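Q: Handing you this structure, nothing more for now.
Rule-based calculations on the coordinates, nothing more; no lab input. Remember, it's a predicted structure, so these values are computed and weren't measured experimentally. As a convention, Cβ positions derive from the backbone with ideal geometry for all residues, glycine included, and neighbour counts pool all protein chains shown.
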Amino acid sequence: MSITTTRVGIVFALFVPLLFVLLWMTGYDGATQRIDRLQAAVVNEAGAAGETISQSLADSAPFGTTVVADLDQANSAMDAGDYAMVIRIPASIASDLRSGSAELTYYINQGTSQVAAAMMEGAATKITDGMNAAVSGGAAAAPIRAEIVKTHEQSNFAVTMLPMILGFIPYIAMMTMNIQFNITAQIMKHRTGKWAIFWSRQLLLLLICVAAPLVIVLVARLFAEPASSLWSLWLLLSLVFLASACLTQMSFALLGNAAPLFNVALVPIQLMTAGNIIPADMLAPFYRHLGSFLPAPNGIQGFMRLIYNGDGAGTFMLHLLLIALVTWAITLLRVRLQPDNPAPAAAGQAGAPGRTAASH
C-alpha cells in the first residue's frame, strides 16, 4: 500500500466501474421514452388524395414527421442521419383503398442505431393498425398493409461490428500507447531537452497514425467488403487515430500522472454518445452533444456512413481534424510554458572546476 502504483491500481478498480454506473444510468435514463426526439420523412406521391393519410400519420406517429417531395431525396436524407424512417404514400392510394389493397411503404435504415431501427419497425406496425381501425371501422379485413423495406441490411453480422472496431478501439490503443510514451518521456527528461522529446514523440505519433490504419483497413477488408473505398476508410481511420492520439497526449501534458483517469473517464461517455446503440438525441439532455467533441463518436458515425452507404463521412472527418488540431495546440502551448529539462552537458561543465581544483 505504501507504493504509489499500488494505490493508483486500487483507485482504478473502484473508479472505472463506478464511472460507468453513474454515467450510463443517468445518460440512458428514460431514453426509450424519448422517441419523440426522432424524425420521419413522409413522401406523399398521391397529391391531394394522400393529404388525409399524411395528416393522420403526423397526428398518430409518436415521433416528428416532415413532408418531403421526393423519395430518393428522403432516402438520401435518411442515410445522412436526418430521418430515422421514410414513409411512402403511393400515387394509387385512393383506388387501392377502394379495392382494399392499399399499402404504405416504410423504409428503415439498418445502418444506424439498433434501438432506433427496432423502434421504427414497431411504430410502423402500430401506425398501420391504428389507421386500419379508423378506416375500416372495425371490419375484419384491413384495407391498408405495411410494407417494411430495410435498407443497407447486412447478412454478415461481422460487418455490423466494423464501425465499433474501427471507430472506438483506436482510442483505447492511443490511450495505452501514450501511457507508455509518457513513462519514456519521464525517463528521458533527465538527459534530453523537452523539445527534443516532444518533436520526436510527434514524429512517431504521425508515423503510427499513417501506417497503422492502412494495415488495419487491409486486414478488415479480408473479412468484409464495406461499401466505401479503401482510401476513404484509411483516411477516416487515420483521423480517428490522430484525434485520439492528440487528445490523450493533451491530458498527460495538462494533468500529468492523473491523465489516465481522465482518459478512462471519456470511455463510457464516448460509447454512450456514439449513436450506434441508441441515437444521441434520445439520451438525457446533458449528454446529447458531447459526442461531437470526442474522437470515438465521430469515428463510429463516420464508419457507419462509409461501411453501409459508401459516403457521407465528411462532417465527421472535419470534426476529428478539429479535435486533433485544438488538442495538439494546447499540448504545444503547455510544453512551451514548462521549464526546459536540465542539460547534462551543462551540468558536467559546472562540475569541471571543482574536479580541476581537486586534482591540484
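Q: Over 5 Å intervals from 0, what percent of Cα-Cα pairs in the range 117-193 sits in each interval?
A: With a bin width of 5 Å, the distribution comes to 3, 11, 11, 10, 9, 8, 7, 7, 6, 6, 5, 5, 4, 3, 3, 2, 1, 0.
Q: Treating only the Cβ of Lys, Arg, Asp and Glu as charged (+1, +1, -1, -1), what charge dipole size does the chain show about its Cα centre? Round to the nearest 20 debye.
A: The calculated dipole for the chain is roughly 2140 debye.
Q: Starting from the Kirkwood Rh over alpha-carbon pairs, what translational D in µm² s⁻¹ does the range 168-267 have by Stokes-Einstein at 10 °C and 1.306 mPa s?
A: It comes out at roughly 109 µm²/s.
Q: Place a point 7 Å from Cα of A91 in the direction of its Cβ. Which residues in the range 42-70 have their backbone N less than 12 Å from it?
A: 45-47
Q: If you don't mind, there's one more thing I want to ask. With r defined as the distance between the Cβ atoms of F20 and D59 and R0 fixed at 30 Å, what FRET efficiency is calculated, to the nearest 0.05?
A: 0.15
Q: Using the beta-carbon distance between A118 and W195 and R0 = 51 Å, what value does 1/(1 + (r/R0)^6) give for FRET efficiency, to the nearest 0.05?
A: That pair, A118 with W195, gives E of 0.40.
Q: Further question on the same structure: Beyond 16 Å, what percent of the Cα pairs of the range 19-127 remain?
A: For the range 19-127, the share of Cα pairs beyond 16 Å comes to 61 percent.
Q: Right, another one. Using a 10 Å cut-off around each Cβ, can you sort S95, S155, S244, S238 from fewest to most neighbouring Cβ atoms?
A: In order of increasing Cβ crowding within 10 Å: S155, S95, S238, S244.
Q: Summing +1 for each Lys or Arg and -1 for each Asp or Glu, what net charge is found among the other residues whose Cβ lies under 12 Å from the Cβ of F198?
A: Neighbour charge sum, excluding F198 itself: +4.
Q: I'd like the orientation of helix 314-337 relative to the chain: the angle between its Cα long axis and the longest Cα principal axis, in ° from 0 to 90, rounded to 10.
A: Relative to the chain, helix 314-337 is tipped by roughly 20 degrees.
Q: Sum -39500 (n - 2.57) across every DSSP H segment of at least 4 residues in the chain, then divide by the residue count to get the 222 nm mean residue ellipticity, nearest 500.
A: Value at 222 nm, helices only: -21500 deg cm²/dmol.
Q: Quick one: net charge around L235, please, counting Lys, Arg +1 and Asp, Glu -1 for every other residue with C-beta under 14 Å from its C-beta.
A: 0
Q: Multiply the residue separation of I187 and R7 by 0.36 nm, subtract the distance between their alpha-carbon atoms, and state the gained length in nm to one decimal.
A: Roughly 62.7 nm would be gained on extension.
Q: Okay, next question. Taking a cut-off of 30 Å between Cα atoms, list the lysines near K126, but don't count ones fewer than 8 places away on the same chain.
A: K126 reaches K150.
Q: Turning to a different aspect of this structure: Can you tell me which of A245, A134, A61 moves the most in a GNM of the chain? Springs connect C-alpha atoms under 10 Å apart.
A: Checking each option, the largest mean-square fluctuation is seen for A134.
Q: Mind checking the angle between helix 114-136 and the chain's longest principal axis? C-alpha axes, 0 to 90 degrees, to the nearest 10.
A: The two axes meet at around 10 degrees.
Q: I need the semi-axes of the equivalent ellipsoid of the chain: take the C-alpha gyration tensor, multiply each eigenvalue by 5, square-root it, list largest first in whole angstrom.
A: Result for the chain: semi-axes of 56, 20, 15 Å.
Q: Which percentage, to the nearest 5, of the DSSP beta bridges contained in the range 34-151 is antiparallel?
A: 20 percent
Q: As an exercise, use a Förster radius of 45 Å and the Cβ-Cβ distance of Q180 and F286 to find the FRET efficiency, rounded to the nearest 0.05.
A: Plugging the Cβ-Cβ distance into 1/(1 + (r/R0)^6) gives 0.85.
Q: In a shell of Cβ-Cβ distance under 12 Å around Q338, excluding Q338 itself, what net charge do Lys and Arg (+1) and Asp and Glu (-1) give?
A: +3
Q: So, with +1 on the Cβ of K and R and -1 on the Cβ of D and E, and no other charges, what is the size of the charge dipole of the range 37-109 about its Cα centre, to the nearest 20 debye?
A: Dipole about the Cα centre, nearest 20: 180 debye.
Q: Nearest-5 percent of antiparallel DSSP beta bridges in the chain?
A: The answer is about 20 percent antiparallel.
Q: Next question, about the same structure. Relative to the longest principal Cα axis of the chain, at what angle does helix 157-188 sit, 0 to 90 degrees, rounded to 10?
A: The two axes meet at around 20 degrees.
Q: Next question, about the same structure. Please name whichever of L337, V21, Y287 sits farthest to the positive end of the charge dipole of the chain, dipole taken about the Cα centre and charges placed at Cβ: Lys and Arg +1, Asp and Glu -1.
A: L337
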